[in-house]
Amino acid sequence: MILPAPIQDLITAFSRLPGIGPKTASRLTFFLLNAPADLAQDLASALQELKTGTAYCQICFNITASERTECEICASSERDPGVICVVEEPLDVLALERTAGFQGRYHVLHGALSPIEGIGPEDLKIRELVARVRSGVVKEIILATNPSLEGDATAMYLDQQLRPLGVRITRLARGLPVGGDLEYADQSTLLRALSGRQEMH
Ligand SMILES: [Zn+2]
């Protein structure tokens, strides 16, 4: 059966999303085709807004609304500027915020070092982190990269870069599922990892 182009195009677009195979892509497309028109309309405008309505915080590189230059956490006087928790992705910030157990600020690297994928230090927000630490108010850096090969390598690299600056450097305690993502850890596990953090050296 040859499908009309609008249907085929949407199936192709859905197929490019993580975790969605051709079968699911077809099912979603036909679901939308048969659903009330406002569902497709809402989805389309939300997708449009996703890119135009968001930006990166110029301090921590977390996601924020496009009209702001600083995210709400960086702008808040209630968050301790002396403690920075370094994470790989904005979703990790979300996971840590859900625990309500961290009162410092964040720095989002946007990935982890991976020689296999060709991701080096210059591809991550590492220079910006070093500059933040140099600015003087930072007393502790919590390395909260994922408990994976790449996350550990990134933490070790950051430790080397930041050690000469004389700040306290800690790493989240073990106990998080190894190889897993921070964002999938449950709140109590994350809280325990945070409060049991250990010195890198
Ligand atoms: Zn920020």
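The values are calculated or read from the model by the stated rules, or taken from the named source; none is laboratory data. Here the structure is a predicted model, which is why all the values come from computation and not from measurement. Glycine also receives a Cβ, built like all others from the backbone with ideal geometry; neighbour counts cover every protein chain displayed. Heads up: the accessible areas ignore ligands, DNA and RNA and are worked out on the full protein's heavy atoms, side chains in. Shrake-Rupley method; radii C 1.70, N 1.55, O 1.52, S 1.80 Å.
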(message) Probe of 1.4 angstrom, ligands and nucleic acids ignored: what's the accessible area per residue over the chain, in square angstrom?
(response) 59
(message) Quick check: with the 1.4 Å probe, what order do Asp38, Asp152 take by accessible area, largest first?
(response) Asp38, Asp152
(request) Could you please report the charge total around Leu10, scoring K, R as +1 and D, E as -1 over all other residues with beta-carbon less than 13 angstrom from its beta-carbon? (result) +1
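By accessible area of protein heavy atoms, probe 1.4 Å, what ranking do Tyr106, Tyr184 get, highest first? Can you show the working numbers first?
On the way: Tyr106 5, Tyr184 170 Å².
Largest accessible area first, the list is Tyr184, Tyr106.
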(request) Output ³J(HN,Hα) for segment 39-52: one whole-Hz value per residue in order, computed from phi by the Karplus curve 6.51 cos²θ - 1.76 cosθ + 1.60 with θ = phi - 60°, and x for Gly and Pro. (result) 5, 5, 5, 4, 5, 4, 6, 5, 5, 5, 4, 3, 8, 6
(message) Using Cα-Cα distances under 8 Å and only pairs 6 or more residues apart, what relative contact order does segment 38-126 have, in percent?
(response) 22
(request) Could you tell me which of rounded, prolate or oblate describes segment 143-201, using a ≥ b ≥ c as the square roots of the eigenvalues of the alpha-carbon gyration tensor, with rounded for a/c under 1.5 and, failing that, prolate when a/b is larger than b/c and oblate otherwise? (result) oblate
(message) Once you place label points 7 Å from the Cα toward the Cβ at Ile7 and Gln41, how far apart are they in nm?
(response) 2.4
(request) First check a/c for segment 94-201, with a ≥ b ≥ c the square roots of the eigenvalues of its C-alpha gyration tensor; if it is under 1.5, answer rounded, and if not, answer prolate when a/b is larger than b/c or oblate otherwise. (result) oblate
(request) Counting only C-alpha contacts under 8 Å and six or more residues apart, can you give the relative contact order of segment 38-194 as a whole percent? (result) 20
(message) Just to be sure I follow: if Rg is taken over the C-alpha atoms of the chain and Rh is the Kirkwood radius over the same atoms, what is Rg/Rh?
(response) 1.06
(request) Compute the long axis of helix 149-162 from its Cα atoms, compare it with the longest principal axis of the Cα atoms of the chain, and write down the angle in degrees, 0 to 90, nearest 10. (result) 40
(message) I'd like to know which of Phe61, Leu129, Gln160 lies farthest towards the positive end of the charge dipole of the chain, counting +1 on Cβ of Lys and Arg and -1 on Cβ of Asp and Glu.
(response) Gln160
(message) Per residue of segment 66-71, what does 6.51 cos²θ - 1.76 cosθ + 1.60 with θ = phi - 60° give for ³J(HN,Hα)? Whole Hz please, x for Gly and Pro, Karplus curve as stated.
(response) 5, 7, 9, 9, 10, 6
